[in-house]
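Heads up: the structure comes next, in structure tokens.
The values are calculated or read from the model by the stated rules, or taken from the named source; none is laboratory data. Given the structure is predicted, the values throughout are model-derived calculations rather than measurements. Counting neighbours? That spans all protein chains shown, and the Cβs are built from the backbone with ideal geometry, glycine included. Each accessible area value is taken on the protein alone, full model and side chains, heavy atoms only, with ligands, DNA and RNA left out. Shrake-Rupley method; radii C 1.70, N 1.55, O 1.52, S 1.80 Å.
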Amino acid sequence: EDISAEVAEFALMKPHPCTLGDVVSCLEPWRAAKFLASEMPIRFAERIRWIESVPKWEEIPELVVVYNIHLRTFRALRSVDRRPTLDAFTAVVKRAVDDQHEVVRLMAEAMHKLCERGPEFGPAFVDEFLDGFLLNRFGSNVLMSQYLALANKTHGPTGIIDPRCDAAEVCRQAARDVQDVCEEYTAHRPIVKVETHSTLGKDKGVPRFTYIPGALRYIMCELLKNSCRATVEACADERELKDRPINVVVCADEHNVAICTSDRARGIPFEVGSHVWSYLYSTARQGKRTRATELAGFGVGLPISRLYARYLGGSLDLISLPGYGTHAYLVLPRIESEQVEVVPDKDAHYQFHSLGDYAL
């Protein structure tokens, strides 16, 4: 009961979103640890409260597992000592990150079971719930992973953040990886072309900005997996495959980096529409884990990618031209002071950007 009261107390506190600049300026492990020790219990308590808000959540095994993971981490973060060394704290943070690996899958499976209870737990409820829960989780994972990178010196001096992230190079690496996977599973290798443009002279045509390459790579891999798979399915032979290249255009001005990924894979039918952003819209809900899942995924890749884009004030939108193809627009803020964490919390106001913010 003591831990329940403590969770309730921390769940009422507001989170403290960081800018990417804040994170890059806090590179000493002891400083990062001090922030995590005060901030992570707030965010974990919020997610515990989110689960408790689901009626009869104890009857859904996957929710119970996720709840217990969060409660265990909350308790460990509150009790661990950061003196005389950070070793014990680092071990707690590492276990917290490791324990999160299955949470997305578990939450998706829990929501599929929840929606079987009735229409009040349909896509509208599930998508809003998971958008908030998983984005809150992603921010926690970023900050904890950054701390581990600093404490264990596994990355460069700035941890998982690259102050000179080459967006086009990340896109090229993602394209090669997805082409390899596509060729392995379909015996076809779609063509992916990457080009760069910038209005800023100092870019010399190659936009670089402070960002998390791992997050950008995840987004681009998901977009390119969809485009490659659809392109292969749309083509009758190799000749047609060559006539339907996937184009990635990376461009920038001083405020934003924008990446447009376009294919000619005949598009998404209008009646499907915004369902592509739903965690419930997928053949994956039948639980069929086939060999092709590395290419096909489990159906949550697009909504998760949009969360990754939104995390630091960006946006991800799709425009479909049925019969022709699909365009994906990823817009990411470039100025560090505008790269502010979005941390969903019932006690804090937050909002998302969309393509409409940039449309003329």
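Filter region 209-264 down to residues that are free of Cβ contacts under 8 Å to residues at least 12 places away in the same chain and surrounded by 17 or more Cβ atoms within 10 Å (Cβ to Cβ), then give me how many there are.
0
For region 305-344, what are the residues that are assigned to a strand (DSSP E or B), out of contact with any Gly (no Cβ under 8 Å at 6 or more places or on another chain) and crowded, with 22+ Cβ neighbours inside 10 Å?
Within region 305-344, L316, A328 qualify.
Are any residues in region 1-26 assigned to a loop (DSSP other than H, G, I, E, B), open to solvent by 60 Å² or more (accessible area, probe 1.4 Å) and not aliphatic (A, V, I, L, M), and if so, which ones?
Matches in region 1-26: E1, K14, H16, P17, S25.
Residues in region 155-172: is at least one modelled with pLDDT of 95 or more, β-branched (V, I, T) and more than 18 Å from the chain's Cα centre (by Cα)?
Among the residues of region 155-172, at least one is modelled with pLDDT of 95 or more, β-branched (V, I, T) and more than 18 Å from the chain's Cα centre (by Cα), which makes the answer yes.
How many residues are more than 18 Å from A151 (Cα to Cα), among the hydroxyl-bearing types (S, T, Y) and over 23 Å from the mean Cα position of the chain (by Cα) if we restrict to region 1-42?
Of the residues in that region, 1 qualify.
What about R164, is it basic (K, R), outside any helix (DSSP H, G or I) and in contact with a strand residue (DSSP E or B) (Cβ under 7 Å, 6 or more places away or on another chain)?
So R164 passes the test.
Only residues that are surrounded by fewer than 16 Cβ atoms within 10 Å (Cβ to Cβ) and not acidic (D, E): list them for region 190-208, please.
Passing the criteria: I191, K193, H197, T199, L200, G201, K202, K204, G205, V206.
Is it the case that region 131-152 has a residue that's over 30 Å from K346 (Cβ atoms), touching a residue at least 60 places away in the same chain (Cβ under 8 Å) and small (G, A, S)?
Yes.
Contact list please: Cβ distance under 7 Å, first residue in region 1-24 and over 23 Å from F209 (Cα atoms) and among the charged types (D, E, K, R), second residue open to solvent by 20 Å² or more (accessible area, probe 1.4 Å) and at pLDDT below 95, pairs at least six apart or on different chains.
K14/D347; K14/A348
Does Y350 fit the bill of being crowded, with 19+ Cβ neighbours inside 10 Å, at pLDDT below 95, of a type in the set (S, T, Y) and assigned to a loop (DSSP other than H, G, I, E, B)?
no
Being under 13 Å from Y358 (Cβ atoms) and more than 22 Å from the chain's Cα centre (by Cα) is the filter here; which residues of region 253-268 pass it?
Answer for region 253-268, where residues must be under 13 Å from Y358 (Cβ atoms) and more than 22 Å from the chain's Cα centre (by Cα): just D253.
Please determine whether any residue of region 175-195 is among the charged types (D, E, K, R), out of contact with any helix residue (DSSP H, G or I) (no Cβ under 6 Å at 6 or more places or on another chain) and within 30 Å of I60 (Cβ to Cβ).
no
Working only within region 36-58, note down all residues that are more than 18 Å from T90 (Cα to Cα) and of a type in the set (G, A, S).
A45, S53
Do we find that E46 is in a helix (DSSP H, G or I), among the charged types (D, E, K, R) and touching a strand residue (DSSP E or B) at 6+ places or on another chain (Cβ under 7 Å) in this structure?
So E46 fits the description; yes.
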